Amino acid sequence: MPLISFKKAQTILTVPAGSNLMINLQAAGIPVASSCNGDGVCAKCKITILEGAENLSPENEIEIFLREKNEIPIHQRISCQTKVFGDIKIDASYW
Ligand code: FES
C-alpha cells in the first residue's frame, strides 16, 4: 500500500491505493485547509508534492479549472481531487 510521508514530521501514513489524498490526511487528524469540504470549489486544499508526483492520479477537469483560475503552481495538487497510487512526500505551508 502507498506511503505518505511529510517534510516537517516523522509521521508516515499507509493508505489504500487509489484513495483520496485529502480524506486520508483528515482521517489521520492532519488538518487540510478547505472551505468547500472537498467539493472542488475553493482550491484551499492544495498540497505541495515533494516526491512521487508520478504516483498520483492525473488531474481531472475540476483540478485543471482550479489550477488555471487560481494560478496554482504545477508542484501543488488539489488534494480533494487527487488519488494516491504510490509513495509520496508532501508539505503544506501551514503545517
Ligand atoms: S477542499 Fe475545496 S477545492 Fe478541495
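Details
- Once C-alpha pairs closer than 8 Å and six or more residues apart are averaged by separation and normalised to the residue number of the chain, the relative contact order reads 42 percent.
- The magnitude of the dipole of the chain, with charges of +1 and -1 set on the Cβ of Lys/Arg and Asp/Glu and taken from the Cα centre, is near 280 debye.
- Sum of side-chain charges, ALA17 neighbourhood, beta-carbon under 12 Å (Lys, Arg +1; Asp, Glu -1): 0
- Helix-only mean residue ellipticity at 222 nm for the chain, each DSSP H run of n ≥ 4 adding -39500 (n - 2.57), per residue, nearest 500: -5000 deg cm²/dmol
- The length gained on full extension between ASP87 and LYS69, counted as 0.36 nm times the residue separation minus their Cα-Cα distance, comes to 3.6 nm.
- Extension gain, ALA17 back to TYR94 (0.36 nm per residue minus Cα-Cα distance, nm): 25.1 nm
- Cα-based radius of gyration for the stretch 3-91, normalised by 2.2 N^0.38 Å, reads 0.98.
- For SER19, residues with placed amide H under 5 Å, excluding near neighbours: VAL84
- For the stretch 42-59, the Karplus equation 6.51 cos²θ - 1.76 cosθ + 1.60, evaluated at θ = phi - 60°, returns couplings of 8, 6, 6, 7, 4, 10, 7, 9, 8, 8, x, 4, 5, 8, 10, 4, x, 5 Hz by residue, with Gly and Pro reported as x.
- Each principal axis of the Cα cloud of the stretch 46-94 was evaluated for its coordinate range; sorted largest first, these ranges are 28, 23, 15 Å.
- Calculated FRET value between ASN55 and GLN10, using beta carbons and R₀ = 35 Å, to 0.05: 0.95
Laboratory data are not the source of any read-out in this text; all were calculated from the coordinates shown. Computed from a predicted structure; not experimentally measured. Quick reminder, even Gly has a Cβ in these numbers, built from the backbone with ideal geometry, and neighbours come from all protein chains shown.
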